[in-house]
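Derivation of every value follows stated rules applied to the coordinates shown; laboratory data play no part. Everything numeric here is computed off the predicted structure, so don't read it as measured data. Because the Cβ atoms are built from the backbone with ideal geometry, glycine has one as well, and the counts that use them run over all protein chains shown.
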Amino acid sequence: MAIKELPPLRGRVLVIAYSAFGDIVQKMAGVKALKKCYPDLSVTWLSCSPYKQLVEVQPFVNDVLS
């Protein structure tokens, strides 16, 4: 079975993850993979203040809200 190419996707995604540290870290893997498949996608992350710095340093996140 041949692997199909993904259709182009442009737009914005809001990730809402502001609960626990472990939940945020787990979501990062999925968002990183999504950004790798769709590099033109703009990722905004909504997080609570204690975890804002953790999310801000991720290269696959464009904006962070808290």
- Message: Need one number: nm distance between label points at Leu65 and Leu34, each 7 Å from Cα along Cα→Cβ, rounded to one decimal.
- Response: 1.4 nm
- Task: Determine the calculated [θ] at 222 nm for the chain from helices alone, applying -39500 (n - 2.57) to every DSSP H run no shorter than 4 residues and normalising by the residue count; nearest 500 deg cm²/dmol.
- Result: -10000 deg cm²/dmol
- Task: Treating only the Cβ atoms of Lys and Arg (+1) and Asp and Glu (-1) as charged, compute the dipole magnitude of region 12-65 about its Cα centre; round to the nearest 20 debye.
- Result: 120 debye
- Spatially proximal lysines relative to Lys27 (Cα-Cα < 18 Å; intrachain offsets below 8 disregarded): Lys35, Lys36, Lys52
- Item | Residues of region 15-38 with amide N under 16 Å of a point placed 7 Å along Cα→Cβ from Lys52 | 17-19
- Restricting to Cα pairs under 8 Å and 6 or more apart, the percent relative contact order of the chain works out to 34 percent
- Measure nothing fancy, just the Cα-based angle from helix 21-37's long axis to the longest principal axis of the chain, in degrees from 0 to 90, nearest 10. 30 degrees
